[in-house]
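The values are calculated or read from the model by the stated rules, or taken from the named source; none is laboratory data. Being a predicted model, the structure only gives us computed values, none of them experimental. Cβ placement follows ideal geometry from the backbone for every residue including glycine, while neighbour counts extend to all protein chains displayed. Each accessible area value is taken on the protein alone, full model and side chains, heavy atoms only, with ligands, DNA and RNA left out. Shrake-Rupley method; radii C 1.70, N 1.55, O 1.52, S 1.80 Å.
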Amino acid sequence: MLVRRSEMEVVGNESEEPHMKRAKQNENNEDRLSDFPDSVLIHLMSFVPTKDAVRTCVLSTRWKDLWKRLPTLILHSSDFGLKSLFNKFVPKVLSFRDGSVPIHNVDFNYKGRVSPPLVTRVLRYAASHNVQQLKLSVNCDVEVLPYLFCQTLTSLDISVFGGFNPSFPNSLHFTALTSLRLRNFSFGDSE
């Protein structure tokens, strides 16, 4: 196919590689994300693991505290190379998060054996902040029932593995619960 030089110049921008176009657009170093209101940025960050949301604090002074107002906490040990880092990260997130902001969703997943105090801390935090959706997948001996009686809970998904078979009461008093998924639970006959 024969193309004249003048035709190539006219279509020059269309034939550029996509990364070249991006480089030209970013020559001004425009921060288009920061043009969004805080509520939109926080909403977007709630879809990524909490580890990544916390990392946004280094982007600029405006982003420094946005993660603290997340309505969703996605805490998965698989997002960390070392479990010891995860074990330090979770309590810090719970301590530094803005407690006045309602928490809608807590998703805590730990691959391998987890210490019961860490799970208990997450459960206490979720209950004390009126969580609406709780997803917990752990391998440990932990009693989850004392922390689950939260009237705002609409969705509960719990998996407890590792030889510990927690018992669940015969009746539940979750007035707002619409979704319940339990794995590795037994129901007692004493109540």
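List the residue pairs whose Cβ atoms are under 8 Å apart, where the first residue sits in segment 112-127 and is farther than 20 Å from Phe96 by Cβ, the second is hydrophobic (A, V, I, L, M, F, W, C) and open to solvent by less than 60 Å² (accessible area, probe 1.4 Å), and the two are 6 or more positions apart or on different chains.
Arg113/Cys140; Val114/Val138; Val114/Cys140; Ser115/Cys140; Pro116/Cys140; Pro116/Val142
Scan Lys92, Lys68, Lys51, Lys64 and give me the residue that is under 16 Å from the mean Cα position of the chain (by Cα) and free of Cβ contacts under 8 Å to residues at least 12 places away in the same chain. Break it down stepwise before answering.
Numbers: Lys68 fails: free of Cβ contacts under 8 Å to residues at least 12 places away in the same chain; Lys51 fails: free of Cβ contacts under 8 Å to residues at least 12 places away in the same chain; Lys64 fails: under 16 Å from the mean Cα position of the chain (by Cα).
Sole residue among the options that is under 16 Å from the mean Cα position of the chain (by Cα) and free of Cβ contacts under 8 Å to residues at least 12 places away in the same chain: Lys92.
I'd like the residue in segment 91-106 that is assigned to a helix (DSSP H, G or I) and within 14 Å of Leu66 (Cα to Cα) and, out of all such residues, is most open to solvent (accessible area, probe 1.4 Å).
Only one residue tops the list, namely Phe96.
Filter segment 47-68 for residues that are modelled with pLDDT of 90 or more, assigned to a loop (DSSP other than H, G, I, E, B) and open to solvent by less than 40 Å² (accessible area, probe 1.4 Å) and give the result.
Selection gives Pro49 alone.
Check whether at least one residue in segment 15-37 is open to solvent by 30 Å² or more (accessible area, probe 1.4 Å), at pLDDT 90 or above and within 30 Å of Asn130 (Cβ to Cβ), and report yes or no.
Yes, segment 15-37 has at least one match.
Looking at segment 90-117 only, could you name the residues that are among the small types (Gly, Ala, Ser) and within 15 Å of Phe80 (Cα to Cα)?
Once the filter is applied, which keeps residues that are among the small types (Gly, Ala, Ser) and within 15 Å of Phe80 (Cα to Cα), segment 90-117 yields only Gly112.
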